[in-house]
Amino acid sequence: MRLRKEIDEMQEQDILLIARISDALAHPARIKIFRYIMTQNKQRNRVCNKDLVNEFDYSQATISQHVKKLKDAGLIEVKKEDRYSYYFVHLGTLNDYLVATKKFENIGQ
């Protein structure tokens, strides 16, 4: 099915962005991990895998899988320093997602 151009103001890149980010946030554990990293970043605390394992009742392997999904979606950045990897929320990606989802409000108007 093809949407008429005048009705669909969303660009293909917006649709792909929404799908990618929504998929990454589709698991409750990833939302909790993302929120934890964001909270810690706002307090200017760095977060590494060890912090996430201590905070959540998941194995290190499970945490790593969830973090990878968030990273692949562009929601977090990983910065390596010595033997540690630190996680930072990528607010630009989050903002782009929010802007793209707002476009749903204008469809059909």
Value of [θ]222 nm, deg cm²/dmol, for the chain, DSSP H segments ≥ 4, -39500 (n - 2.57) each, nearest 500
-17000 deg cm²/dmol
Students often forget the sequence filter, so: which lysines lie under 16 Å Cα-Cα from Lys42 once same-chain residues fewer than 8 apart are removed?
Lys32
Scaled radius of gyration (Cα, divided by 2.2 N^0.38 Å) that the stretch 54-104 gives:
1.38
State the Kirkwood hydrodynamic radius of the chain in Å, one decimal place, computed from all pairs of distinct Cα atoms.
15.3
In degrees from 0 to 90, rounded to the nearest 10, what is the angle of the helix 28-42 Cα long axis to the longest principal axis of the chain?
70
Qualifying chymotrypsin sites (Phe, Trp or Tyr not before Pro) for the stretch 54-103 [loop in DSSP, other Cβ within 10 Å: at most 15]
Phe56
The extension gain from Ala26 to Lys50, computed as 0.36 nm times the residue separation minus the Cα-Cα distance, is 6.3 nm
Counting only GluC sites (Glu not before Pro) that are in a DSSP loop and have at most 14 other C-beta atoms within 10 Å, tell me the longest site-free stretch of the chain.
10-109
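FYI, it's all coordinate maths here, none of it is from the lab. Quick caveat: nothing in here was measured; it's all calculated off a predicted structure. Please note: Cβ atoms are built from the backbone with ideal geometry, for glycine as well, and neighbour counts cover all protein chains shown.
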